[in-house]
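Have a look at the structure below, then the notes.
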Amino acid sequence: MADNEHTTVRIVDIARMAGVSVATVDRVIHNRGKVSEENLARINEVLHEVNYRPNLIARSLASGRQYTLAVVMPRFAQGEYWADFDAGIVRAEAEARRYNVAVRKFFFDQYDRSSFEKLLATLRGETFDGAVLATLFAEMVSPFTRELDERGVPYVFVDSNLPGCNQLAYFGTSSFDAGAVAARLLYDRLDPGSDIVVGRIIHRGDAGSNQCRSREEGFRSYLQQQGFRGKLHYAALRLDDEAYNREVLDDLLLKHRAIAGAVTFNSTCYILAGYLAARRRTDVRLVGYDVIRRNGQMLDEGVVTALVAQRPEAQGYRGVMALCEWLVEGRRPDTAENNMPIDILLKENIRYYKNNLI
């Protein structure tokens, strides 16, 4: 049977193929009533052969069960990375309602560890049936997932994956490989002895997100493999303090004349780009992450050399839908680690890129 034919298979067809009654098939599919081992084996063989999937909407409505999903994510402003992620959540939320699944969003400040700690305290007092977790603060997410395991609450990771947890699935890029991609984009455009400045946004109470650390590991690993002879210089920058950032970067570039490359490992590439544009530093190649509005503008103007993108809308959408299918149908994702494509955006192709590919 063709792969796309399973959607039209009816219970009466399964009964005919298995040589049993429709009522017997109905008992097996809906797990109600007793069925002989012989008939059960026949029916399961046919179900596997036709790749049968029960109608998710019909099953959820018939059960009358209501489910709630918690989506744990950073708060955002329009035009920022997590706004794109939220667009995927909104799309999935509209579909989830048909399955009696409601979505609740819980927000934290991605630059403030204490904000996430407070949110975890709130979540411990909430009741929900599944969770989509942004894993920025890995050292706190991992212990929290053990609490979810004890409560029997399934969860999905987005943003970056964490080892040693019992996540239903992960949706996102390989952060390590995304770091290696950024390194190659810079290394191929620099003299091997050139220095590189790494822009880091100052976090309150934490060294940075799990994803940024993994990207930096991949970045360093690639440079080391290529025999990079330059140095990495770190610039601690602030989100909304242009004067402070200008002072820091002026001092850094004055002291280290060999700097010819720059990178940021989160979506704030526009901060370094704005500085380079203001100082007319066309001699510094800059690579960043995420196709947010301000980054895209700087790429289009030629200040940013390249952007590495990771399809946040798809992460949000697929995370919610995976939990819907598990809760209502008991169906796991085909693979636990669902790595998104690592997209490379240049000035020449950004206008054709649509970030809402789901």
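The values are calculated or read from the model by the stated rules, or taken from the named source; none is laboratory data. Predicted, not measured: the structure shown is a model, and the values here were computed from it. Here the Cβ positions follow ideal geometry from the backbone for every residue, glycine too, while neighbour counts run over all protein chains shown. Remember, those area values only see protein heavy atoms, side chains included, never the ligands or the DNA or RNA. Shrake-Rupley method; radii C 1.70, N 1.55, O 1.52, S 1.80 Å.
Data table
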item	result
Tally, over the range 66-77, of residues that are in contact with a helix residue (DSSP H, G or I) (Cβ under 8 Å, 6 or more places away or on another chain) and either closer than 22 Å to residue 114 by Cα or at pLDDT below 95 (or both)	8
Matching residues, the range 264-299, being more than 24 Å from residue 251 (Cα to Cα), open to solvent by 40 Å² or more (accessible area, probe 1.4 Å) and in contact (Cβ under 8 Å) with a residue 60 or more places away in the chain	293, 294
Tally, over the range 240-249, of residues that are open to solvent by less than 60 Å² (accessible area, probe 1.4 Å) and in contact (Cβ under 8 Å) with a residue 12 or more places away in the chain	3
Selection count, the range 120-141, where residues are over 24 Å from residue 163 (Cβ atoms) and crowded, with 24+ Cβ neighbours inside 10 Å	0
Flag if residue 13 is at pLDDT below 80, of a type outside the set (Gly, Ala, Ser) and more than 30 Å from residue 148 (Cβ to Cβ)	no
Only one of 137, 144, 176 that is of a type in the set (Phe, Trp, Tyr), within 20 Å of residue 269 (Cα to Cα) and either in contact (Cβ under 8 Å) with a residue 12 or more places away in the chain or out of contact with any helix residue (DSSP H, G or I) (no Cβ under 7 Å at 6 or more places or on another chain) (or both)	176
Residue, nearest to residue 289 (Cα to Cα), within the range 216-232, restricted to residues that are open to solvent by 30 Å² or more (accessible area, probe 1.4 Å) and not in a helix (DSSP H, G or I)	232
Count - residues of the range 163-190 that are of a type in the set (Phe, Trp, Tyr) and open to solvent by 10 Å² or more (accessible area, probe 1.4 Å)	2
Count of the range 250-263 residues which are surrounded by fewer than 17 Cβ atoms within 10 Å (Cβ to Cβ) and small (Gly, Ala, Ser)	1
Residue 308 being β-branched (Val, Ile, Thr), touching a residue at least 12 places away in the same chain (Cβ under 8 Å) and touching a Leu at 6+ places or on another chain (Cβ under 7 Å)	no
Candidate set: the range 75-117, residues that are closer than 23 Å to residue 293 by Cβ and of a type in the set (S, T, N, Q); chosen: the one most open to solvent (accessible area, probe 1.4 Å)	78
Residues of the range 304-352 satisfying the condition of being in a loop (DSSP other than H, G, I, E, B) and surrounded by fewer than 16 Cβ atoms within 10 Å (Cβ to Cβ)	330, 331, 332, 334, 335, 336, 341, 346, 348, 349
Subset of the range 199-215 (residues that are out of contact with any helix residue (DSSP H, G or I) (no Cβ under 6 Å at 6 or more places or on another chain), modelled with pLDDT under 90, outside any strand (DSSP E or B) and open to solvent by 20 Å² or more (accessible area, probe 1.4 Å))	202, 203, 207
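Yes/no per residue for (1) among the polar types (S, T, N, Q); (2) out of contact with any Gly (no Cβ under 9 Å at 6 or more places or on another chain); (3) at pLDDT below 95:
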site	(1), (2), (3)
38	no, yes, yes
57	no, yes, yes
61	no, yes, yes
79	no, yes, yes
89	no, no, no
100	yes, no, yes
105	no, yes, no
113	no, no, yes
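Yes or no, residue by residue, for (1) of a type outside the set (Asp, Glu); (2) at pLDDT below 95:
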site	(1), (2)
222	yes, no
225	yes, no
235	yes, no
239	yes, yes
246	yes, no
250	no, no
253	yes, no
259	yes, no
268	yes, yes
